[in-house]
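Notes to accompany the following structure.
Please treat every number below as a calculation from the coordinates, not as lab data. Please read these numbers as outputs of a predicted model, since none were measured by experiment. All Cβ positions, glycine included, derive from the backbone under ideal geometry; neighbour counts span all protein chains shown.
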Amino acid sequence: MRAGLRWLGLVILALALDACAKTEAPIAGVPAPASPPAASVATATAPGVRVIATGLAHPWAVAILPGDAGFLVTERPGRLRRIAPNGTVSAPLAGVPAVFAQGQGGLLDVVLDPGFADNRRIWLSFAEPGEDGTAGTAVATATLGEDALNDVHVLYRQVPKLAGGAHFGSRIAFDGKGHVFISQGERNQKAMAQDLDVLQGKLVRLNLDGTMPADNPWAGAPGVRRVVWSYGHRNMQGLAVDPRSGRLWQSEHGPRGGDELNLPEPAKNYGWPVISNGMDYATGRPYPETRGREAPGMEQPYHAWEQSPGLSGMAFLTGHPGSPWNDSLFLGALAQQALIRLQLDGDRIVGEERLLADRGERIRDVRVAPDGTVYVLTDADNGRLLALTPPTGD
Ligand SMILES: [Ca+2]
């Protein structure tokens with residue numbers, strides 16, 4: 001009985017820690033990350049914050065529909081809803097693929113196709129159920145109708161499917177050159193992130209019609225999945241292309257400490273679990289698989305946090321030269337319950353601001369509308385869609 005209770009306690013502890021309750025002090029004897037923390041910055045005036053909608057069950061992603069037509073929002077249990085500009089939340093749309101709604105799995109990202117105005121096509125990522133209780137990250141496209149999805153087509157499936165509810169990713173981003181990037185996780189099977197013959201812990205790239213790009217880095221290599229773009233990733237829940245440079249940025253959860261930003265390049269190894277700034281939740285020391293913070297042939301993070309914010313969705317705000325928030329990268333923080341704003345100078349991170357930090361809400365996703373309004377989803381049983389109006393220039 002006592003052993004059973006102890007085991008249960010450890011499970012609860014592990015779950016609590018894996019829920020990204022990462023507020024620990026830096027670990028003694030462990031060197032600081034390679035990239036220094038960004039200087040703290042603050043906008044002179046606070047943004048206006050409006051609640052657009054409430055009552056959303058663990059909303060995971062929001063897509064902004066063009067023409068003031070409102071929003072599409074995914075709920076992790078497997079529902080896709082429309083939200084009108086006035087905040088009215090629709091019934092779930094029909095036709096959404098079945099999802100594995102356990103742990104971190106479920107219905108995840110939603111984005112509009114680059115040609116949405118003409119083709120009404122949307123993209124969804126989700127944990128797809130497999131045989132014997134297994135699941136894997138998958139991506140489907142569909143045509144958006146008024147209250148249903150049509151022509152649903154699954155064009156990406158992570159293989160193999162695995163048991164467990166951890167680390168599905170997943171975000172979807174387009175490079176503007178006819179390709180889609182799909183982020184995912186290593187399903188908490190750390191060594192798989194280094195195995196190029198499986199799709200756990202890989203960033204992948206496809207043509208928009210689901211076919212394989214001829215110029216993927218391992219397009220002709222034996223024993224390597226041709227869809228792979230980069231590898232050695234842990235759990236990627238943020239992906240966005242900088243409209244100024246066209247460069248893809250990616251965020252991933254480290255374990256306790258070591259959340260990172262990367263600008264993933266083809267065929268490169270981003271190190272997990274061989275190199276990491278993070279720690280084993282149970283021991284407070286690096287995982288046995290982790291050799292240190294650097295190794296030959298493995299990329300350093302572009303930017304890292306010593307204490308994990310718990311990074312989720314991300315979005316750029318650019319093209320508003322009069323705004324104090326121009327050239328920002330916004331990142332949702334789950335564990336640290338804030339919206340992070342990184343001030344950019346080109347690709348360089350020159351400052352960090354924490355927004356919404358007084359509200360005590362986990363931030364799951366962030367998107368920026370063409371007019372510069374920043375939309376945010378909070379992760380809760382009663383999740384909300386918020387709109388932030390950027391402060392005006394002084
Ligand atoms: Ca890394």
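When segment 232-246 is examined, which residues are found to be in contact with a strand residue (DSSP E or B) (Cβ under 9 Å, 6 or more places away or on another chain) and more than 16 Å from the ligand (Cβ to nearest atom)?
Within segment 232-246, the first condition is being in contact with a strand residue (DSSP E or B) (Cβ under 9 Å, 6 or more places away or on another chain), and the residues that meet it are 232-244.
Across segment 232-246, the qualifying residues are Ala240, Val241, Asp242, Pro243, Arg244.
Considering Trp218, Trp229, Trp249, the condition of being within 16 Å of the ligand (Cβ to nearest atom), over 24 Å from Ala135 (Cβ atoms), aromatic (Phe, Trp, Tyr) and touching a strand residue (DSSP E or B) at 6+ places or on another chain (Cβ under 7 Å) is satisfied by Trp249 alone. Those strands (runs of 3 or more DSSP E) of segment 249-322 in which 2 or more residues are in contact with a Phe, Trp or Tyr (Cβ under 8 Å, 6 or more places away or on another chain) and without any contact (Cβ under 8 Å) to a residue 60 or more places away in the chain occupy 259-262. Looking across segment 197-207, just one residue is surrounded by fewer than 17 Cβ atoms within 10 Å (Cβ to Cβ) and in contact with a Lys or Arg (Cβ under 9 Å, 6 or more places away or on another chain), and that is Asp197. Being crowded, with 24+ Cβ neighbours inside 10 Å, within 16 Å of the ligand (Cβ to nearest atom) and either over 21 Å from the mean Cα position of the chain (by Cα) or among the charged types (D, E, K, R) (or both): is that true of Arg291 here? For Arg291, the condition - crowded, with 24+ Cβ neighbours inside 10 Å, within 16 Å of the ligand (Cβ to nearest atom) and either over 21 Å from the mean Cα position of the chain (by Cα) or among the charged types (D, E, K, R) (or both) - is not met.
For Leu149, are the conditions met, namely being touching a residue at least 60 places away in the same chain (Cβ under 8 Å) and over 24 Å from Arg362 (Cα atoms)?
The answer is yes for Leu149.
Being under 20 Å from Thr389 (Cβ atoms), under 18 Å from the mean Cα position of the chain (by Cα) and surrounded by 21 or more Cβ atoms within 10 Å (Cβ to Cβ) is a property that does not hold for Gly258.
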